[in-house]
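Inspection log for the structure reproduced underneath, given as structure tokens.
The values are calculated or read from the model by the stated rules, or taken from the named source; none is laboratory data. These numbers were taken from a predicted model, which means no experiment stands behind them. Virtual Cβ from ideal backbone geometry, glycine too; neighbours counted across all protein chains shown. Heavy atoms of the whole protein, side chains included, go into the accessibility calculation; ligands, DNA and RNA do not. Shrake-Rupley method; radii C 1.70, N 1.55, O 1.52, S 1.80 Å.
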Amino acid sequence: MFFGTPADAVPALRALHDAGYDIALVVTQPDRRRGRRGRADPSPVKAAASELGLPVRTPERAREVTDEVAASGADVGVVVAFGQLLPEPLFAGVPLGFVNVHFSLLPRWRGAAPVERAILAGDAETGVCIMAIEKGLDTGAVFARTATPIGDDETAGELRERLVALGTDLLVDTLPKLATITPEPQAGEPTSADKLTVEEFELDFSRPPAELVRVVRAGNPRPGAWTTIDGRRLKVWRARVGADGSLELLEVQPEGRARMSGDAWTRGRHGTPVRFGS
């Protein structure tokens, strides 16, 4: 039994399939419009499951498949970025319960955006946990965990890609031992990884440059750090603290144009002074 939706969940689904697990059912979010195209596209997990010949369900709410899960005969449910909280009645449908691949070292960063929140906070390391799903949000006991340092220049997209690979390996290693492992309750002060908002990625130039660099890294690729210049939005994809302590813009994207280096953007202004913000 596999619950997942975005591209981040596909490696785990493929790894379980390649490892020989009999996946009774794949549950993912319904087809949605993505981008400016008019048609609704399947989620990356639905596309992968169809390619692998696995049965797929796309309920609006997970509770709609409660009876189907119970009748599936599955031993365990695996959740990777499904996008909804699972209702309690669903848990009883499989003997070993549901486990979740969570991209942080719990209880630090429970919630929707653990990768970005770790970068924004300046954490030196993060990791992946294979945890039991229970009623509370990311409060379940942990079967296995692995830690990794956060690179000084690493973006959220780059870090997430590494965590997906680490989590997939950890999941495949942990599942065969699940029935014999006693999960450890989470210990320490919980922190909340709230959903990201576009507004919090507006660069506030009164803040120290090192903090602004973290905002830029955490916003890459989504939602993107930004500021305004001459009333138009400028996205900042990469930045660093220069030798003189100032903020250097390494890669930017003016509104309505393609990405370019900070140097090319500066040359294009022909010496016109820059006034950031409104």
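Where the alpha-carbon atoms of region 121-278 are placed on the principal axes, they occupy 67, 32, 25 Å, in descending order. Rolling a 1.4 Å probe over the protein heavy atoms leaves Asp263 with an accessible area of roughly 110 Å².
Find the lysine pairs in the chain meeting two conditions, Cα atoms under 25 Å apart and a separation of 8 or more places or different chains, and report how many there are. Pairs that pass both the separation and distance tests number 4.
Treating r as the C-beta distance of Leu96 and Ala124 and R0 as 35 Å, the FRET efficiency rounds to 0.55. Spin-label model, Glu184/Leu52: points 7 Å from Cα along the beta carbon direction are separated by 2.9 nm. Surface calculation, 1.4 Å probe, protein heavy atoms: Thr168 sits at approximately 20 Å² accessible. Modelled spin labels at Arg259 and Lys195, positioned 7 Å past Cα toward Cβ, are 2.6 nm from each other.
Between Glu60 and Phe205, full extension at 0.36 nm per residue minus the direct alpha carbon distance yields a gain of 48.0 nm. Using C-alpha pairs below 8 Å separated by at least 6 residues, the relative contact order for the chain is 14 percent. Per-residue extension of 0.36 nm, minus the Cα-Cα distance of Asp173 and Asp41, leaves a gain of 44.3 nm for this segment. Ranked by solvent-accessible area (1.4 Å probe, protein heavy atoms only, all chains present), the residues Arg33, Arg259 order from largest to smallest as Arg33, Arg259. Normalised per residue, the accessible area of the chain is 51 Å², obtained with a 1.4 Å probe and no contribution from ligands, DNA or RNA. With a simple spin-label model that places each label point 7 Å from the Cα along the Cα-to-Cβ direction, the separation between Ala141 and Asp244 comes to 5.9 nm.
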